[in-house]
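In what follows, a structure is listed as structure tokens, so that the remarks can point back to it.
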Amino acid sequence: MFIGREAELRTLEKLYLEGSFQMVVLYGRRRVGKTTLISQFLSDKPSIFFTAQEVNDSLNLRQLSRRVYEFFGIPESAGAFDSWISAFEFLSEKAKEHQFVLAFDEFPYAVNANRALKSILQTAIDHSLKETSLFLILCGSQIGFMENEVLGYKSPLYGRRTAQIKLEGFDYYDSAKMLTGFSDEDKIKLYSCVGGTPHYLAQIKAGETFEDNIKRLFFDTSGYLFNEPLMLLHQELREPAMYNSIISAIAGGASKLNEIATKINENSPKVSKYLQTLVDLHIVQKIYPFGENQQNSRKGIYRIADFCYDFWYRFVFPYKQEIESGSGDLIADTLAFGEGLSTYIGKPPFENICLQYMRRANRKGKLPFTATAFGSWWGTDPISKSQADFDVVVANRNEKQIILGECKWTGSINISAETEKLHDKKHLLSEYNERFFYLFTRTPPRSELNQQTKVVTQEMLFDNDL
């Protein structure tokens, strides 16, 4: 069953209906569902799906020839194309006759085997393909390569793309569609641990409890996710040891550059370069207080962007040796479940989920106003002279309207007390005139609702109309 990706499919379908040459650059991290999306798009269209391999140029060209010949009913005895130039010339002539799609998956592998391929394709586009109805999809998992060597202004292909799609993991709402049979609470817990990567979510078994799934996936040496983050780092990066140290430091609570550098005993300029690579790969994100000018702000902090990595580096990586010695269940029961899990989910996964909810509610027109900015805020309260924060900030800057929210992942809360705390901070972000207050809770409130504060319960996060 195909789940989510409605916006991406609409984009592809709209471009296809134009009937003109298209070069769509589609990229995203491994396992995020790029091939599934392309396959869904191609399901009712004449198409050639070619996946480059980590082999030499001759073998990749031979495999492309086979796919092209199969599509056009040409016997393999005709012999492979003698060059990429010949292949693109052939495709150009055919695309003048009728429209079809060429999905070129793992494009970086083909370029690594033939560094001239980007220039060859650029020449083919400029001299012949742009006058055809070929729908070309260039797909890749190496984010840095796709952004710099395909989309970057120094690339021969710069300016040739007609659209680009950076595929991200599912949000909590679409992830839940893959988690049938689980309670709302378990859907949140599973998403907080496994993240929104569709292939990881597919490993979750509906017939098992939340705890059994997590133990099988993370705390068993044969589990699918036991080594997954480490293996992906080895595939993407040349110095995984340094990156491991940095991610571990962030998982352990270090969030500022100097804190991370101190924790791993490295100088800040060196750590900063490695952090930027992790940000580019969307493994780590740098976030700023709402309203900060990111160009000159020094208040940015680092968080692990992928919940699977966050959970793994917090609960699996430090105890890998013990798990390998057969103590996986004990580690899970002692450290990863109970209060440790509740603390982890409360910040940042649950806060992130609440922000995702607000974005969905905004698209459906369910907020008090149409929001144009989302985030969280932290800083010094000028009245109390102490640190203060808002977990959720949603605003329309032009109209000076703002929603200030708190997220509480606890079994039960005192609505009156929490509302009072929230309103005690209403003087912050004072440039906004019209103010609304939201309180996000794990379970329905037991005390009387405060009319000035909208309470969003766990059940409401999964409203069918979102």
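The values are calculated or read from the model by the stated rules, or taken from the named source; none is laboratory data. Keep in mind it's a predicted model, so treat the numbers as computed, not measured. Here Cβ is always computed from backbone atoms with ideal geometry, including for glycine, and neighbour counts include all displayed protein chains. We work out accessible area using only protein heavy atoms, side chains counted, and drop any ligands, DNA or RNA first. Shrake-Rupley method; radii C 1.70, N 1.55, O 1.52, S 1.80 Å.
With 5 Å bins beginning at zero, the pair-distance distribution over Cα atoms of the range 293-400 amounts to 2, 9, 14, 16, 15, 15, 11, 8, 6, 3, 1, 0 %.
To put it simply, the accessible area of the range 335-464 at a 1.4 Å probe is 45 percent carbon and sulfur. Amide H contacts for Phe437 (H built 1.01 Å from N in the peptide plane; partners 5 or more residues away or on another chain; cut-off under 5 Å): Leu404, Lys454. Taken over the C-alpha atoms, the range 226-313 has Rg and Dmax values of 12.7, 40 angstrom. Using a probe radius of 1.4 angstrom, the carbon and sulfur fraction of the accessible surface of the range 54-133 is 46%. Taking every DSSP helix (H) stretch of at least 4 residues in the chain, weighting each as -39,500 (n - 2.57) and dividing the sum by the residue count yields a mean residue ellipticity at 222 nm of -11000 deg cm²/dmol.
Remark: the Lys299-Ile85 segment gains 71.9 nm on full extension, using 0.36 nm per residue and subtracting the alpha carbon distance. For the range 144-198, the direction-averaged projected area of the alpha-carbon convex hull comes to 5.0 nm².
Given a cut-off of 41 Å, what percent of all Cα-Cα pairs of the chain lie beyond it? So the pairs more than 41 Å apart make up 28 percent of the total in the chain.
For Lys45, the aspartates and glutamates whose Cα comes closer than 12 Å to its Cα, not counting residues fewer than 8 places off in the same chain, are Glu13. Pairwise inverse Cα distances across the range 44-162, averaged and inverted, put the Kirkwood hydrodynamic radius at 14.6 Å. Between the range 170-200 and the range 321-364, what is the C-alpha centre distance in whole Å? Distance between centres, Cα-based: 11 Å.
First measure r as the distance between the Cβ atoms of His98 and Glu266, then evaluate 1/(1 + (r/R0)^6) with R0 = 51 Å and state the FRET efficiency to the nearest 0.05.
Values: r = 58 Å, r/R0 = 1.13.
The calculated FRET efficiency here is 0.30.
Sorted largest first, the spans of the alpha carbon positions of the range 355-437 along the three principal axes are 34, 33, 18 Å. Remark: the range 51-59, residue by residue, has Karplus-estimated 3J(HN,Hα) of 10, 5, 10, 7, 10, 6, 4, 4, 5 Hz, where x stands for each Gly or Pro and the curve is 6.51 cos²θ - 1.76 cosθ + 1.60 at θ = phi - 60°.
Just list whichever of Lys215/Lys320; Lys400/Lys454; Lys177/Lys205; Lys166/Lys270; Lys166/Lys454; Lys270/Lys385 have alpha carbons separated by over 24 Å in the model shown. Beyond 24 Å: Lys166/Lys270; Lys166/Lys454; Lys270/Lys385. Volume per residue for the range 163-285 equals 139 cubic angstrom (convex hull of Cα atoms). Helix 268-280 and the longest principal axis of the C-alpha atoms of the chain enclose an angle of approximately 70°.
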